[in-house]
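Step one of this worksheet: look at the structure below.
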Amino acid sequence: MKGKLTHLIALLAALFLTASGYALGGTTGKVTGKVIDAYTKKPITGAFVALNGVMTQTDANGMFAYRGTGEKLTVRAYGYTRAEQTLNPTAANSTLEIKLTPFTPKALYLTFYGIGDRGIRENALRLINDTELNALVIDVKGDRGAVTYKTSVPLASQIGAQKLIIIKDIKGLIQSMKERGIYTIARIVVFKDNMLGEARPDLTIRRQQDGSIWRDRENLVWVDPSKKEVWEYNINLAIEAAQNGFDEIQFDYVRFPDRKGLKFAIENTEENRVNAISGFLAEAKRRLMPYNVFLAADIFGYVPWNPDDTQIGQRLDKVVPYVDYISLMLYPSGFQFGIPGYRNPVANSYEIVLRTLKKSQERTNISSVRFRPWLQAFKDYAFDKRHFNGPEIRSQIKAAEEFGSNGWMLWNPRNVYTSEGLKREAAANDKAKKPYSAG
């Protein structure tokens, strides 16, 4: 009887605290706050604030308000680091002040094998320490469909995507990157997936002529972007990457192949293609919202110049609502037809990058900080076979920075990077003063 009475008293006390605006291990009631720039102290408009799975954005004064129950507030904004705030009972009776640190990622890309090679990895870390670089793009699911580390997503093992584990301790790796102030981006190749396609022919893209499985120039199979099972698999991998501590999820090959004569599970129309790609990104945004992780999509360089979907399902106006960053692939060698006024892209790297970014902004009417382009750090293959060394790399960076993009990313599929074209002055000291923090 005594035990039951004690339990009843405790229950009544908890109910009283809840009714009074308090909660055990969190807060209940109205939570208000202000999100500001950590350095300028100015309010941040449009910051994303989430409490207990409910998202809102700050107003023109950086203010937000919630009425509900929760233990942890998560906050992020374009061009800033992420933050978290653990709430206590007093949060319901005061205005929180949350500071976000400005951050501009300047990244190298390491391939599926590159991140696992000690020499390649240490060279990348050395460059990050000695130059302006401060971020890494790492393959989580590579171009052939293999997953870099041991995953708990069952389908990966079932289809053979776990035969080679490159990263033995992904959480330890990400933690070591955070300790160095390095921003980490998880690259997930979505619809180009040879392993999933080989194991699950029912999910593949087919030839219209005879219904056989279509393969690209590398003899690789693609899976159908309209198949919800394919969506589920990739989003589950993205969720796990967020749980492992990555700051950003970047979806690559989030498109249909640019080939004629193909057959999909849906009728091959522009509307259907666009709806499939934007539908996947919308679902990814919804499912990843609780993890306070940034989302990005790699976009073909010609997309901003074309009025249609470039036959691949990518239209900027349909992608923008569902990602934080647009990662245009602005490799001059990829602009085989040039752009208006510039027929030789590799001789005009600065103009290719700057004009395409400006064209993208015209098409979307969004802030320049929503863009972070891929830049070329590999030898030209389409025009005069020139090497992209310091001057070529710097001209692309100059264009991106003049435009005002939220950083840039260097791509070399052989993982060959040097300090040429990169700023070296006081880079290490600057990182020490302003380390990246994920909250």
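The values are calculated or read from the model by the stated rules, or taken from the named source; none is laboratory data. Note that the structure is predicted; figures quoted are calculated from it, not measured. Every residue, glycine among them, receives a Cβ derived from its backbone with ideal geometry; neighbour counts consider all protein chains shown. All accessible areas refer to the heavy atoms of the entire protein, side chains included, with ligands and DNA or RNA removed. Shrake-Rupley method; radii C 1.70, N 1.55, O 1.52, S 1.80 Å.
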If you go through the stretch 302-323 one residue at a time, do you hit one that is closer than 20 Å to GLU351 by Cβ, open to solvent by less than 10 Å² (accessible area, probe 1.4 Å) and either small (Gly, Ala, Ser) or at pLDDT below 95 (or both)? no
Just the residues that are within 30 Å of TYR183 (Cα to Cα) and aliphatic (A, V, I, L, M), please, taken from the stretch 242-275. ALA242, ILE249, VAL254
Selection from the stretch 325-357 of residues open to solvent by less than 10 Å² (accessible area, probe 1.4 Å) and either more than 19 Å from SER395 (Cα to Cα) or part of a loop (DSSP other than H, G, I, E, B) (or both) yields TYR325, ILE326, LEU330, PHE335, GLY338
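Within the bounds of the stretch 369-381, is there any residue that is among the hydrophobic types (A, V, I, L, M, F, W, C), open to solvent by less than 50 Å² (accessible area, probe 1.4 Å) and more than 28 Å from GLY279 (Cα to Cα)? Can you show your working first?
Looking only at the stretch 369-381, we keep the residues that are among the hydrophobic types (A, V, I, L, M, F, W, C), and these are 369, 371, 374-375, 377-378.
Subset that is open to solvent by less than 50 Å² (accessible area, probe 1.4 Å): 369, 371, 374-375, 377-378.
Retained after the next criterion (residues that are more than 28 Å from GLY279 (Cα to Cα)): 377-378.
Yes: the stretch 369-381 contains one or more residues that are among the hydrophobic types (A, V, I, L, M, F, W, C), open to solvent by less than 50 Å² (accessible area, probe 1.4 Å) and more than 28 Å from GLY279 (Cα to Cα).
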Condition test on LYS99, is it buried (at least 20 other Cβ atoms within 10 Å of the Cβ), in contact (Cβ under 8 Å) with a residue 60 or more places away in the chain and not hydrophobic (A, V, I, L, M, F, W, C)? no
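Any idea which of ALA124, ALA186 is part of a helix (DSSP H, G or I), buried (at least 17 other Cβ atoms within 10 Å of the Cβ) and out of contact with any Cys (no Cβ under 7 Å at 6 or more places or on another chain)?
That would be ALA124, the only listed residue that is part of a helix (DSSP H, G or I), buried (at least 17 other Cβ atoms within 10 Å of the Cβ) and out of contact with any Cys (no Cβ under 7 Å at 6 or more places or on another chain).
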Among THR364, THR310, THR356, which is the only one that is of a type in the set (S, T, N, Q), in contact with a helix residue (DSSP H, G or I) (Cβ under 7 Å, 6 or more places away or on another chain), touching a residue at least 12 places away in the same chain (Cβ under 8 Å) and more than 21 Å from TRP408 (Cα to Cα)? THR310
So which residues in the stretch 159-171 are within 20 Å of THR111 (Cβ to Cβ) and not in a loop (DSSP other than H, G, I, E, B), if there are any at all? ILE167, ILE170
In the stretch 254-263, which residue that is in a loop (DSSP other than H, G, I, E, B) and out of contact with any helix residue (DSSP H, G or I) (no Cβ under 8 Å at 6 or more places or on another chain) is nearest to LYS228 (Cα to Cα)? PRO257
Considering the stretch 120-158 alone, what residues qualify as being under 13 Å from TYR109 (Cβ atoms), hydrophobic (A, V, I, L, M, F, W, C) and under 21 Å from the mean Cα position of the chain (by Cα)? ALA124, ILE128, LEU133, ALA135, LEU136, VAL137, ILE138, VAL140
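Within the stretch 1-109, considering only strands (runs of 3 or more DSSP E) that don't extend past its boundaries, which have at least 3 residues that are at pLDDT below 85?
Working: elements: 26-37, 48-51, 54-57, 63-70, 72-76, 83-86, 95-100.
Counting at least 3 such residues, we get 26-37, 63-70.
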For GLU198, work out the one condition from (1) open to solvent by 40 Å² or more (accessible area, probe 1.4 Å); (2) part of a strand (DSSP E or B) it doesn't fulfil. (2)
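Can you tell me which of PHE280, PHE251, PHE246 is crowded, with 21+ Cβ neighbours inside 10 Å, touching a residue at least 60 places away in the same chain (Cβ under 8 Å) and either among the polar types (S, T, N, Q) or assigned to a helix (DSSP H, G or I) (or both)? Please lay out each step first, then the result.
Working: PHE251 fails: either among the polar types (S, T, N, Q) or assigned to a helix (DSSP H, G or I) (or both); PHE246 fails: either among the polar types (S, T, N, Q) or assigned to a helix (DSSP H, G or I) (or both).
None of the others qualify; the one that does is PHE280.
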